[in-house]
Amino acid sequence: MSGFDVMSGFVVHELAAELRVQVTRPMPELSAVLDMEVERLWCVACARVAACGAGALFNGRVFSADAIAPYAITGHLTEFRRTVAQMERPELFAALGVRPLAVCGVLRCADGVVFGRRHPGAIYEADMWQLPPAGSVDAHVVGADGAVDIYRQLRSELREELGLSPDDVDVLAPLCVVEHPGSHVCDLGMALTTTLSDEAVRVRHRTLGNGEYPTLRIVPIAELAGFLAVTGDRAVPPAPIFLARAGLVTMSE
């Protein structure tokens, strides 16, 4: 069952523990006119990101959800440039129909919950506090049969962003999917735990992480509500929802 959350039209899709994610159709073709507009917006975004020193964008293939149900998310692989174009112009959703799926961790360590502040030049939710690891589900986790391994994607993001190995964490059941009303990005929350200390997580992030989060903060459980109140709209909207689903904070309806 899906329903509207209290936060500005964000949609929360309920998930079962036995979730399956599957590619079920090829990427749709675009008209010449639409393709030209997508390319124009892609070039604008690439130039902006490069100018901010946030690295370079890569037009790989990412998973886009066509249907989200508790036991199954089905969809197709699409170009990342289409996702970016829709972020630049949300009204293009009517023509592109892209709903990019991203995995998002709620990582609890021995001293609290890990938050990362995104790079100011990031293409999406720049300079906002997020729950890492997080990243788009891309083609490298899609099997020959079309099955999508979301856990492999989460472990990949964990290693790249925080420098943590799969052996460092336990991954629990999916929490829910939160869909952005404008970009239609669909964040799939997943709870993770590690016995590593605050300092150990910071050292791994500093020495082995890829720099996606210039600032890392570990917030004690007792201080989570206060942290969210202080950060306000500088925290990504799915964060309090995922924390509530993980039983770490409460949300008012």
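Normalised Debye scattering of region 147-226 at q = 0.23 Å⁻¹ gives log10 I(q)/I(0) of -1.28, counting only Cα atoms as equal scatterers and leaving out solvent. Take every Cα pair under 8 Å whose residues are at least 6 apart in sequence, average their separation, divide by the length of the chain, and the relative contact order is 22 percent.
Computed over every Cα-Cα pair of region 54-132 and binned at 10 Å starting from 0, the pair-distance distribution P(r) comes out as 16, 36, 36, 11, 1 percent.
Look at the dipole of the chain built from charges on Cβ: of Ala56, Val249, Leu162, the Cα furthest out on the positive end belongs to Ala56. Classify region 78-180 as rounded, prolate or oblate from the Cα gyration tensor: take a ≥ b ≥ c as the square roots of its eigenvalues, call it rounded if a/c is under 1.5, otherwise prolate when a/b beats b/c and oblate if not. Oblate. Panel order for Thr83, Thr215, by other beta carbons found within 10 Å of each beta carbon, from fewest to most: Thr215, Thr83.
Between the residues Val106, Val23, Phe80, the greatest Cα displacement towards the positive end of the dipole of the chain, with unit charges on the Cβ of Lys, Arg, Asp and Glu, is found for Phe80. Each stretch of four or more DSSP H residues adds -39500 (n - 2.57); spread over every residue of the chain, this sum gives -8000 deg cm²/dmol at 222 nm.
Taken about its Cα centre, region 1-133 carries a charge dipole of about 240 debye when Lys and Arg each add +1 at the Cβ and Asp and Glu each add -1 at the Cβ.
By the beta-carbon count within 10 Å of each Cβ, the least crowded to most crowded order of Val249, Val178, fewest first, is Val249, Val178. Phi angles of region 142-157 translate, via the Karplus equation with coefficients 6.51, -1.76, 1.60 and θ = phi - 60°, into HN-Hα couplings of 9, x, 4, 8, x, 6, 9, 8, 5, 6, 5, 4, 5, 5, 5, 5 Hz per residue; Gly and Pro are given as x. Spread over its residues, the convex hull of the C-alpha atoms of region 23-86 is 95 Å³ per residue. The phi torsions of region 113-130, fed into the Karplus equation with coefficients 6.51, -1.76 and 1.60 and a -60° offset, translate into couplings of 10, 7, 10, x, 9, 5, 4, x, x, 4, 5, 9, 6, 4, 6, 9, 7, 10 Hz, rounded to whole numbers, with Gly and Pro shown as x. For a distance above 29 Å, tell me the whole-number percent of Cα pairs in region 12-245 that qualify. So the pairs more than 29 Å apart make up 26 percent of the total in region 12-245.
Calculated FRET efficiency, Ala16 to Phe93, Cβ-Cβ distance, R0 = 22 Å: about 0.25 to the nearest 0.05. Considering only alpha-carbon pairs that sit under 8 angstrom and 6 or more positions apart, the relative contact order computed for region 125-211 is 27 percent. Taken about its Cα centre, region 12-245 carries a charge dipole of about 260 debye when Lys and Arg each add +1 at the Cβ and Asp and Glu each add -1 at the Cβ.
Readers should treat all values here as calculations from the given coordinates under stated rules, not as data from a laboratory. What you are looking at is a predicted structure, and each value in this text was computed from that prediction instead of being measured. All Cβ positions, even for glycine, are placed from backbone atoms using ideal geometry, and neighbour counts span all protein chains on display.
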